[in-house]
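Have a look at the structure below before the remarks.
The values are calculated or read from the model by the stated rules, or taken from the named source; none is laboratory data. All values reported here derive from a predicted model rather than from experimental measurement. Using ideal geometry, Cβ is built from the backbone for each residue, glycine included, and neighbour counts are taken over all protein chains shown.
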Amino acid sequence: MADKDELESVCKRRGFVWPSSEIYGGEAGFYDYGHLGARIRDNWEHIWKDFFLDMDNYHMIYTPNILPYRVLKASGHVDQFSDVLVRCKKCGNSHRGDHVLEDITGESAEWMDKDEMASCMAEKGIRCPDCGGELDQPMDFNMMFGVDIGPTGERKGFLRPETAQGTYMNFHREFIALRRKLPMGLATIGSAFRNEISPRQGVYRLREFRQAELQIFFNPQSDDFDEHYESVKDRILPVLRANSEGIREMTMEEMDDLPKFYRYHMVRMYQFFADVMEIPRDKLRLRELSPEERAFYNRIHFDVEVDMESLGGWKELAGLHYRGDYDLTQHQKASGQKMSVSVEGGERIVPHVLELSFGEDRNIWALMDVGYRTGERDWISIPYPMAPYQAAVFPLVRKDGLLEKSRKVYEDLKRDMNAFWDKSGSIGKRYARQDEIGTPFCITVDYDTMEDDTVTLREISSTEQIRVPLSDLKQELRGYVKREKRFGTA
Ligand code: GAP
């Protein structure tokens, strides 16, 4: 448990994440990942892919960060991808209108347009949160970063505001290459860019951030996901429905106003957060967005939210977006290229899209927020496969062959997992250093090792220690890291 400043300072000191361009005073909304943060990020991406691409006909693709103007005009982002901006007439500072209102009323104002916001602000007599000055009329502010393509600056483009559009443009090509089968899943992981009006809350609101997005193209008339749904229909999830008060534990069957394909994927999203990210159940919920709150392309939208102490409560980490045929139809109209396909029975349809969209930076912050522990010892509980290192190896002392032996153990281990070798300081200090960065297992090579080829294996959460033969070490660790085996059991 930590407040934001404390956690940010820990993240900086230990090598996880910190504001970018800091030596020049920084620029709000940009963060760097240090040597440990980069490892968590790589692990998170790897595990995300393993989890969500575990279906036939689901694949990764990669597309550029810069998109031509006409792509984002067709997608609706040029005209509709905006937030409401309010400027102070006195100090000139800019604010997101909904944030100014939310800070005062404590209620979400994300759904308001600029006119609603103007009357609400006037009614409440709201003034600049920085200087108390008079605020100008709210106005729409498009959040995309414009770029000039080529030397003459004639061709306009944008840094992509979401990774999804590159995937939609490739739908038809991949459909043909993958032998014309639906459902087809195309995922991508990469940077997205939004010129946020007033980035705040650390990595929670960035101007450059990373998204992991899976677009599932399917025929809405088919029963492709019904069998999957049957296997999860009794699952109970903590859900906050739009326009209802409080979280309810609901079975999938109870939410029969939602299509089965949607409910099945709600469970998949939940499983990722609960089972893979190990977010405790009381800190996890699926919140439905009302029609006023939803993005212009969505028909059904639930966010996965995590209750994060460092950010003051429930925060969005990912979204499940039923985008219908909106995007493919828009690109078909604007490009003149066919996006429709033949399905069983010979009918031609424009496939529908279900999007599973994750903000990677927010997911990583959630790991830190939920996992950070202080007290008798400082440590971070990170799901073992996502931790920067899975194991650290120490020689008890640097003499009598222990140094060389421990180095051999380490060299062997690092072929299998991310391992670290630390030969300096007392064993207590070395344990403490690994606890602080979330390394789940520490291995000590001591005098007994030289006699009987066993080592001491210590687990981070319990600090329990067991003796393990070197010949079994890798296999034991594999079982513990994947949680297939409980620590210390035969
Ligand atoms: N393709 C759909 C899409 O982009 P979104 O809800 O705008 O939907 C998806 O964004 C996810 O990206 C969010 O759930 C969030 O985790 C992350 N995200 C959005 N804006 C962000 C920002 N400014 N900084 C960090 N992460 C952000």
Report task. Being out of contact with any Leu (no Cβ under 9 Å at 6 or more places or on another chain) and either crowded, with 20+ Cβ neighbours inside 10 Å or of a type outside the set (D, E, K, R) (or both) narrows it down to one of Tyr262, Tyr297, so name that one. Result -> Tyr297
Query raised in the report: For residues in the stretch 407-444 being surrounded by 15 or more Cβ atoms within 10 Å (Cβ to Cβ) and in contact (Cβ under 8 Å) with a residue 60 or more places away in the chain, which is nearest to Leu36 (Cα to Cα)?
Result: Ile437
Query raised in the report: Going by the conditions given, is Gly106 on the phi > 0 side of the Ramachandran plot, at pLDDT below 95 and surrounded by fewer than 17 Cβ atoms within 10 Å (Cβ to Cβ)?
Result: yes
Query - Filter pass, Leu101 being outside the structural domain of Met169 (by TED's automatic domain parsing), aliphatic (A, V, I, L, M) and in contact (Cβ under 8 Å) with a residue 24 or more places away in the chain - result: yes
Query - Those residues of the stretch 336-346 which are surrounded by 14 or more Cβ atoms within 10 Å (Cβ to Cβ) and in contact (Cβ under 8 Å) with a residue 24 or more places away in the chain, in sequence order - result: Met339, Val341, Val343
Report summary line: Of the residues in the stretch 144-171, those that are closer than 28 Å to Glu355 by Cβ, surrounded by fewer than 19 Cβ atoms within 10 Å (Cβ to Cβ) and out of contact with any helix residue (DSSP H, G or I) (no Cβ under 6 Å at 6 or more places or on another chain) number 5
Query - Hits in the stretch 309-322 - residues which are in a strand (DSSP E or B) and in contact (Cβ under 8 Å) with a residue 40 or more places away in the chain - result: Lys315, Glu316, Leu317, Ala318, Leu320, Tyr322
Query raised in the report: Taking the stretch 285-301 as the search range and keeping residues that are in contact (Cβ under 8 Å) with a residue 40 or more places away in the chain and of a type in the set (A, V, I, L, M, F, W, C), which one is farthest from Tyr372 (Cα to Cα)?
Result: Phe296
Query raised in the report: Do we have any residue at all in the stretch 464-484 that's in contact with a Leu (Cβ under 6 Å, 6 or more places away or on another chain) and closer than 30 Å to Ala2 by Cα?
Result: no
Query raised in the report: If you go through the stretch 217-231 one residue at a time, do you hit one that is closer than 28 Å to Glu196 by Cβ, part of a helix (DSSP H, G or I) and out of contact with any His (no Cβ under 8 Å at 6 or more places or on another chain)?
Result: no
**Report entry** Members of the stretch 197-216 found to be β-branched (Val, Ile, Thr) and more than 10 Å from the ligand (Cβ to nearest atom), listed by number
**Finding:** Ile197, Ile216
Query raised in the report: Hey, among Val71, Val86, which residue is β-branched (Val, Ile, Thr) and in contact with a strand residue (DSSP E or B) (Cβ under 7 Å, 6 or more places away or on another chain)?
Result: Val86
Query raised in the report: Can you tell me which residue in the stretch 110-142 is surrounded by the fewest Cβ atoms within 10 Å (Cβ to Cβ), limited to those that are over 24 Å from Val78 (Cβ atoms) and among the hydrophobic types (A, V, I, L, M, F, W, C)?
Result: Ala122
Report summary line: Those strands (runs of 3 or more DSSP E) completely within the stretch 344-449 that have 2 or more residues that are within 16 Å of the ligand (Cβ to nearest atom) are 352-359
Query raised in the report: Taking the stated definitions as given, is Glu213 of a type in the set (D, E, K, R), under 25 Å from Arg268 (Cα atoms) and part of a strand (DSSP E or B)?
Result: yes
Query raised in the report: Does Lys89 qualify as being among the basic types (Lys, Arg) and more than 23 Å from the chain's Cα centre (by Cα)?
Result: yes
Query raised in the report: What is the number of the single condition among (1) away from the ligand (no atom under 16 Å from the Cβ); (2) at pLDDT 95 or above; (3) surrounded by 16 or more Cβ atoms within 10 Å (Cβ to Cβ) that Thr251 does not meet?
Result: (3)
Requested in this report: Take the residues in the stretch 144-196 that are within 13 Å of the ligand (Cβ to nearest atom) and among the hydroxyl-bearing types (Ser, Thr, Tyr), then tell me which one is nearest to Gly29 (Cα to Cα).
Outcome: Ser191
Query - Pairs with Cβ under 6 Å, 6+ apart, first in the stretch 203-223 and closer than 19 Å to Phe51 by Cα and assigned by TED's automatic domain parsing to the domain that holds Tyr168, second within 8 Å of the ligand (Cβ to nearest atom) and among the β-branched types (Val, Ile, Thr) - result: Gln211/Thr163; Glu213/Thr163
Query raised in the report: Name the pairs whose Cβ atoms lie under 8 Å apart, with the first residue in the stretch 445-465 and under 12 Å from Lys405 (Cβ atoms), the second assigned to a loop (DSSP other than H, G, I, E, B), and 6 or more positions between them or separate chains?
Result: Val445/Leu396; Asp446/Leu396; Tyr447/Leu396; Tyr447/Asp400; Met450/Asp400; Met450/Gly401; Val455/Asp446
